[in-house]
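Okay, so here's the structure we're looking at.
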Amino acid sequence: MPTIYVTNRSGKKYTLKAENGLTLMEPLREIDDSIEALCGGMCSCASCHIFISPEWFEKVPGPQSDEVELLEGTETYRSAESRLACQVKVTDAMEGMTLIVAPEE
């Protein structure tokens, strides 16, 4: 169960213990002023948009084309940081990862 450091939309910092096998979306929904996850993890909206810090971005499996398409349509897309939290599975390799919840659009 890795520890992940999260900054919400208001700038408040959280230390999150995330269970392996879940997507990042699941524990992030519990944080105030965080992701909305309107589609419930079906990769059909971008309401769980996050920025994974650059030093961690390359350490997680890359996005599929449908995820990239949704992210590119957002105003705050960052090619080397943007991911949908519903598409990133938690693993022990994420111990110490830092991420920021993207601004609401």
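Where a number appears in this text, it was derived from the coordinates with a stated rule and is not lab data. On a predicted model such as this, the values are computed, not experimentally measured, just so you know. Positions of Cβ are generated from backbone atoms using ideal geometry, with glycine treated the same way; all protein chains shown enter the neighbour counts.
Things worth noting here:
- Subtracting the Cα-Cα distance of Lys12 and Glu75 from 0.36 nm times their residue separation leaves 20.5 nm of extension gain.
- Neighbour-count order for Ser65, Ser44, fewest beta carbons within 10 angstrom listed first: Ser65, Ser44
- For the chain, with +1 on Lys and Arg beta carbons and -1 on Asp and Glu, the positive-most of Leu16, Ser79, Leu99 along the dipole: Leu16
- Linear extension gain, Thr3 paired with Glu58, 0.36 nm per residue minus alpha-carbon span: 18.0 nm
- Sorted ascending by nearby beta carbons within 10 Å, beginning with the fewest, Met42, Met97, Met1 become Met42, Met1, Met97.
- Net charge contributed by nearby residues that have their C-beta within less than 11 Å of Gly40 (K/R +1, D/E -1): -1
- Rounded to the nearest 20, the size of the Cβ-charge dipole of the chain about its Cα centre is 300 debye, with Lys and Arg at +1 and Asp and Glu at -1.
- Environment charge at Val90 (Cβ cut-off 11 Å; Lys +1, Arg +1, Asp -1, Glu -1): -2
- Inter-probe distance in nm under a simple model that places probes 7 Å from Cα toward Cβ, at Ala93 and Cys45: 3.0
- For the chain, the 222 nm mean residue ellipticity estimated from helices alone, with every DSSP H stretch of n ≥ 4 adding -39500 (n - 2.57) and the total spread over all residues, rounds to -3000 deg cm²/dmol.
- Each peptide in 81-89, 22-30, 67-75 was scored by the mean count of other Cβ atoms within 10 Å over its residues; highest first, the order is 81-89, 22-30, 67-75.
- Cut-off 14 Å between beta-carbons: net charge of the residues surrounding Phe57, Lys and Arg +1, Asp and Glu -1: -1
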